[in-house]
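Here the structure comes first, spelled out in C-alpha cells, and everything after it is commentary.
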Amino acid sequence: WQPAITKNRIGMRQLQRQLCLTLLSIPVIDCLVTQQDVMTELLNQHQGEASYGFQVFGDSTIADETNQRIWTPSDFNAISLEEGSAGPSESMLKQASSIFITKEPIISEEECLALIEDAKEAIVNGRRSSEGATDPTGSTRTNSDLNEARLSQLPTKKPWIQKLLHEKVFPILESNFGVSADSLTLNDGLVLGYVAPSKSQPIHRDASLVTLQIALSPQEHFTEGGTYMEGLQDSLQVGLGHAMCHCSGTMHAGKGITSGERWVLVMFVMSKDEPQYARRLHEHGLSAMDESNFPLAESSFQTGIELAPTDQLLRLSLANCLLAQNKSSEARKQLRLAQNYKHCVRPFLLHANQLVVKSRHRAALRRLDMALERLGDKDLSPSAWNPMRALGWEIRVLAARCACLCAERELSSLSDGKGNGMPWSRQHLPKALERLHIVLQVAPGHEPLRQMEARARQLMEMAQ
C-alpha cells in the first residue's frame with residue numbers, strides 16, 4: 001500500500017485500518033494474551049482518553065462562529081523537515097513533516113500574564129497538598145515539583161481554554177494538518193515554567209497526534225531557551241502570544257534557560273478518529289519489556305512497524321527486545337534499518353557495540369565511521385545540544401578503542417610471521433589519534449584515555 005501514502009491519505013487510513021483488522025487475528029507465541037487483546041486494549045484506551053477530553057474541554061458547539069476565522073498558509077511561517085521526521089503517525093496527517101508558526105499572536109499579553117498567574121497559584125497549592133505524599137510507584141515528584149500546571153487543574157480558566165481551543169487552536173490545526181477540527185480534543189495541556197538556571201528536557205515525543213505551544217513570556221525576559229527540533233539540529237523561538245504547532249511524533253525538547261523566566265503553554269491534541277495504533281503499540285511494547293515479557297513486546301513492536309515502517313524508535317526498541325532474547329542477527333537487521341533516519345546516530349553506536357561483543361572490531365569501526373561522518377562537527381559546536389555532544393564523545397572513544405584493538409591484532413600477526421607490515425594501522429591510527437585528541441580536550445584528566453593515546457602512538461611508530 002505504499003503508493004497510497006502519496007496519492008490518497010484517506011485511502012491510506014482505510015488500508016491501515018484493514019491491516020489492523022488483519023493483525024488482530026495474529027496470535028502471540030508463548031504469551032498469555034493475543035495481539036487481538038492488545039489492539040482491543042489500545043482502542044479502549046484511545047476512546048477513554050477522547051471521551052475525557054471532550055468531557056473536560058468541550059466540543060465544537062462551544063465555539064462562537066462570529067469569532068472564528070479562516071486560516072490560510074499566508075498566516076504562518078512554515079519550516080519543512082525531511083519526510084520520516086514526524087514519527088509513527090506521519091501518514092495520518094497532511095504536511096506532517098512541517099512546523100508552523102503563526103505570524104501574529106493568537107492570545108494577548110494580558111491573557112498570557114493571567115494564565116501565568118493562575119499556573120503559579122496552582123503550582124504553589126500543588127506543592128502544599130503533596131507534601132509527604134507518594135504516588136503508587138513510590139515517587140514524590142508531581143507536576144508542581146516540575147514547575148508545571150495541568151490545564152485540567154485550572155478550573156477558573158476552563159471557559160477561556162475551551163474558547164481558545166475551538167475558536168483558534170483546532171481551526172489552526174485543521175488548516176495545516178488536514179484533520180477535522182470537530183474530531184479534535186485535548187489529552188491534556190501544561191503551563192510550563194522555566195526558571196533560570198534550568199536544565200533542558202531529554203529529546204522526546206509527545207503522547208498525542210499534534211502538539212501546539214504558545215509562548216507566554218516575551219523573549220527579552222530570558223536567555224537561551226526555545227524548542228530544540230532534532231530534524232533541524234537547531235532550536236526555535238516564537239514571540240509572545242504566538243503559536244507553534246508540529247506533529248507530536250517529531251523528536252524535540254524544551255531547551256533550558258540561563259537567566260530570567262520562560263513560561264509556555266503546551267497542548268497535546270488528539271483526534272477521536274485516529275487511535276494512533278503504532279504509537280500506542282510502541283508504548284505497550286516498552287511496558288511489556290519492563291515486565292520482561294519479551295515475546296509480547298516483540299509482537300507489539302513488529303505490529304507497530306507494519307503500521308509505521310519508517311519509524312526508527314520502533315525499530316530501535318525491537319532491536320533491544322531481540323537482543324534481550326539473544327536474537328543478535330535479527331537485532332542487527334533492525335539496527336541497519338533504523339540507520340535510515342538521518343538525524344540520529346544512536347543506531348550506529350548500538351550496532352557497533354553488538355559487533356564489538358562479537359570481537360568484530362573492524363566492522364564496528366566502519367559503523368562508527370559512518371556515524372561520525374553523519375554527525376560531522378555538529379557536536380563540537382559550543383551551542384551543540386548536550387546529549388549530542390555526549391553521544392559524539394562516546395562514539396569517538398569507542399572508534400579509537402576499536403582502531404587500537406585492530407592495530408594490536410595486526411601487530412600480533414606480524415610477530416607471528418603471518419603479516420606483511422602494518423598497512424591497516426598506518427592508514428587508520430592517525431584518525432584514531434585525532435579522535436582521542438578531541439575527547440581529551442573535554443576530559444584532559446581521563447587517565448584510561450591518556451593511556452590509550454600513549455599506546456596508539458606506540459603502535460603508530462611501530463607501523464611506520
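Things to note:
- Compactness of region 298-438, expressed as Rg and Dmax over alpha-carbon positions, Å: 17.1, 55
- Equivalent-ellipsoid semi-axes of region 61-209, from the Cα gyration tensor, Å, largest first: 30, 21, 15
- Charge dipole of region 207-350 about the Cα centre (unit charges at C-beta), most positive-ward option of 329, 319, 293: 329
- In a simple Cβ point-charge model (Lys, Arg +1; Asp, Glu -1; nothing else charged), region 158-287 has a dipole of about 200 debye relative to its Cα centre.
- Volume per residue for region 194-299 equals 117 cubic angstrom (convex hull of Cα atoms).
- Listed by chain and number, the lysines whose alpha-carbon sits under 29 Å from that of residue 333, ignoring those within fewer than 8 places in the same chain, are 342, 358, 378, 431.
- Coarse-grained scattering of region 277-367 at q = 0.14, 0.22, 0.24 Å⁻¹, given as base-10 log I(q)/I(0) from a Debye sum over alpha-carbon atoms: -0.46, -1.02, -1.15
- Computed over protein heavy atoms with a 1.4 angstrom probe, the accessible surface ordering of 251, 462, largest first, is 462, 251.
- Comparing 119, 204, 231 along the charge dipole axis of region 118-253, the residue lying farthest to the positive side is 119, per the Cβ-charge model.
- Along the axis of the charge dipole computed for the chain (Cβ charges of +1 for Lys and Arg, -1 for Asp and Glu, origin at the Cα centre), the listed residues 400, 339, 390 are led at the positive end by 400.
- Using alpha-carbon coordinates, inclination of helix 386-415 to the longest axis of the chain, degrees: 20
- Per residue, the accessible area of the chain comes to 48 Å², computed with a 1.4 Å probe over protein heavy atoms only.
- Equivalent ellipsoid dimensions for region 151-209 as semi-axes, Å, which come from the Cα gyration tensor, largest first: 25, 18, 10
- Surface share of carbon and sulfur [accessible, 1.4 angstrom probe, percent] for region 310-464: 48
- Mean residue ellipticity, 222 nm, helices only, the chain: the sum of -39500 (n - 2.57) across DSSP H runs of n ≥ 4, divided by residue count and rounded to 500, is -16000 deg cm²/dmol.
- With Cα atoms, 0 to 90° folded angle of helix 294-307 axis to the chain main axis: 70
- Value in Å of the Kirkwood radius, where region 289-328 supplies the Cα pairs that are averaged: 10.0
- Size of charge dipole - the chain - debye, nearest 20, with Cβ of Lys, Arg +1 and Asp, Glu -1, no other charges: 2040
- For residue 49, the accessible area of its heavy atoms, probed at 1.4 Å with every protein chain present, is near 50 square angstrom.
- Cα-derived Rg over Rh, computed across region 328-405 with Rh taken as Kirkwood radius: 0.97
- Relative to the globular-protein estimate of 2.2 N^0.38 Å, the Cα radius of gyration of region 416-464 stands at 1.29.
- Cα-based helix-to-principal-axis angle, 423-442 vs the chain, degrees rounded to 10: 50
The values are calculated or read from the model by the stated rules, or taken from the named source; none is laboratory data. Quick caveat, the model's predicted, so the values are computed rather than measured. FYI the Cβ positions are ideal-geometry reconstructions off the backbone, even for glycines, and counts take in every protein chain you see. Remember, those area values only see protein heavy atoms, side chains included, never the ligands or the DNA or RNA. Shrake-Rupley method; radii C 1.70, N 1.55, O 1.52, S 1.80 Å.
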